[in-house]
Amino acid sequence: MKTERLPRKIPVGISQCAMGDPVRFNGGHKHSKVCTGLLAQCFEYVPLCPEVAIGMGVPRKPIHLLVEKASAPVDAVRVIGVDDPEVDVTGPLRDYADSVVPELERVRGYIFMQNSPSCGLYGVRRYLANGHGIDSEGVGVFARRLQQQFPHLPMEEVGRLNNSELRENFLTRVFTYDAWFRCVEGQDDQPPERMLDDGNEADADKPRSLIARVIEFYTAYKYLLLAHSQDKTRALGRYLADAKTIPEDELRFEVRGRIMDILSRPASRKDKTNALMHSAGHLSEFLDKREKAELKELIEEYRLGRKPMSAVLTLLRHFLPRSPHSFIHSQVLLAAEPAELGLCEFH
Ligand code: SF4
């Protein structure tokens, strides 16, 4: 697996008001410095404002989510005017989401503005016909439609990206989703990138089967996935043991979905420590007694929260050239983590 810094900016969709464009109902914006400053170093944005796109104009009358009762299913909503319930833009917002699907096929993540009846991803306030707020279980209608169209696409809200750990998790998911399309599915009609440098020149130009590419991908991501969920990663390994019996489309969809599901749970320090110890285990035969002790102590310091993960990764990478085994060289866990790219805090 390629472990160098990102070769290009990754296309990511974003609510247009987060870019600082004055497209909100009141003529304002909700500029996010984290998005346009920090994350723009690695993302190429595709900004969309669904409410402007369906012709509501700026400024416009506010809208909100209407439900018949508390805890109604997430799709049992309508988006209506706050002052004029006759205004119903539910259909136009859903149709607009469907219309931008071809344009969004190339994006590898989406950042939505929170608390919006169109773009909110979590906990959008819902109202009864009498105007009383009833619960906060809504999802913006545009965001919801894109969730259905792209069930594995990494998504996050603008406000949550101010939190360094949530930002790291979103970045990890976007980088992985992007790598999946480059390495497994192929991109822009190019053959999928080769992932493992196994030194076999004779095989370098051979087209590899989908199963081979999927298993290479899983292998390279194994320790990163283990750091997020040991149980689900092992279950994925068992699923892949029968890969030859699974139709290709099903295999592609299922494995991509399982990987993105595993990564959606932030990695705990305990599980990261476990993955680092596994990595160290692959190098121990090439280390002398003093080096083994140094590595072991550093991992323990990380477990106790006294050292950042990057300190352990730096030492592991220092020892890595000693191993001739492609498995450990391929591990994405050992590649530059988002904190080392300056995109979130070290922890
Ligand atoms: S939240 Fe969405 S619909 Fe509202 S202004 Fe921002 S981009 Fe437009």
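The values are calculated or read from the model by the stated rules, or taken from the named source; none is laboratory data. Remember, predicted model here, so these are calculated numbers, not experimental data. A quick note on method: Cβ atoms are made from the backbone with ideal geometry, for glycine too, and the neighbour counts reach across all protein chains shown. Keep in mind that these areas ignore ligands, DNA and RNA; they rest on the heavy atoms of the full protein, side chains included. Shrake-Rupley method; radii C 1.70, N 1.55, O 1.52, S 1.80 Å.
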> Among (1) assigned to a helix (DSSP H, G or I); (2) within 16 Å of the ligand (Cβ to nearest atom), which single condition is residue 166 missing?
Replying inline: (2)
> Restricting region 24-75 to residues that are of a type in the set (Phe, Trp, Tyr) and more than 9 Å from the ligand (Cβ to nearest atom), which is least open to solvent (accessible area, probe 1.4 Å)?
Replying inline: 43
> Between residues in region 39-58 that are in a helix (DSSP H, G or I) and residues that are within 12 Å of the ligand (Cβ to nearest atom) and β-branched (Val, Ile, Thr), which pairs lie under 7 Å by C-beta distance while being six or more apart or on different chains?
Replying inline: 52/23; 52/58
>> Suppose we keep only residues that are touching a residue at least 40 places away in the same chain (Cβ under 8 Å) and under 25 Å from the mean Cα position of the chain (by Cα) within region 126-139. Which one would you say is surrounded by the most Cβ atoms within 10 Å (Cβ to Cβ)?
In response: 138
> Out of region 301-324, which residues are over 29 Å from the mean Cα position of the chain (by Cα) and either open to solvent by 50 Å² or more (accessible area, probe 1.4 Å) or not hydroxyl-bearing (Ser, Thr, Tyr) (or both)?
Replying inline: 319, 321, 322, 324
> Here are some conditions: (1) within 15 Å of the ligand (Cβ to nearest atom); (2) crowded, with 19+ Cβ neighbours inside 10 Å; (3) assigned to a loop (DSSP other than H, G, I, E, B). Residue 122 meets all but one. Which one does it not meet?
Replying inline: (2)
>> Between 170, 175, 112, which is open to solvent by 20 Å² or more (accessible area, probe 1.4 Å), of a type in the set (Phe, Trp, Tyr), under 25 Å from residue 8 (Cα atoms) and in contact (Cβ under 8 Å) with a residue 40 or more places away in the chain?
In response: 175
> Are any residues in region 267-312 hydroxyl-bearing (Ser, Thr, Tyr), within 21 Å of residue 337 (Cα to Cα) and assigned to a helix (DSSP H, G or I), and if so, which ones?
Replying inline: 273, 279, 302, 310
>> Quick check on my filter: what residues within region 207-244 are exposed (fewer than 14 other Cβ atoms within 10 Å of the Cβ) and more than 20 Å from residue 179 (Cα to Cα)?
In response: 231, 234, 235, 238, 241, 242, 244
